[in-house]
Amino acid sequence: MIGKLVCFLLLAAAMLVCDIPKFRGACPRDRLVYGAMLAPLLYLGFLFVTTKSWPNLDTIFNLLNGPAKQIVQWLDPAKSS
């Protein structure tokens, strides 16, 4: 767990070092978008470090798999004729 934590902290620090100068000059909308993108990344990083069995990206993709297949069936030209 310590190795994963060190890896995550190094990656987060590298990202912040590169992004903080740009973040200071960004408009409020860009800051909001950056924060909205950062929240799931922090959650997934937490799951990576703690190896919890909480919902992750695979769970979301599995939830969307059924509706996606149904949409493809509706749009299938072979079945529409």
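Read-outs throughout are calculated quantities, based only on the coordinates presented, and are distinct from any laboratory measurement. The structure displayed is predicted, hence computed values, not measured ones. Note: ideal-geometry Cβ built from the backbone for every residue, glycine included; neighbour counts use all protein chains shown.
List of remarks:
- What the pair-distance distribution of the chain shows, using all Cα-Cα distances binned every 5 Å from zero, is 3, 12, 14, 15, 12, 12, 11, 8, 7, 4, 2, 0 percent.
- The chain: angle of helix 2-24 to the longest principal axis, Cα-based, in degrees nearest 10: 90
- Check: the stretch 7-66 dipole with +1 on Lys, Arg Cβ and -1 on Asp, Glu Cβ, in debye: 200
- Degrees between helix 28-50 axis and first principal axis of the chain (Cα, 0 to 90, nearest 10): 90
- Partners for Lys4 among lysines (Cα-Cα distance below 20 Å; same-chain residues under 8 apart left out): Lys52
- Over all other residues within a Cβ to Cβ distance under 15 Å of Phe48, the charged ones net out to +1, with Lys and Arg as +1 and Asp and Glu as -1.
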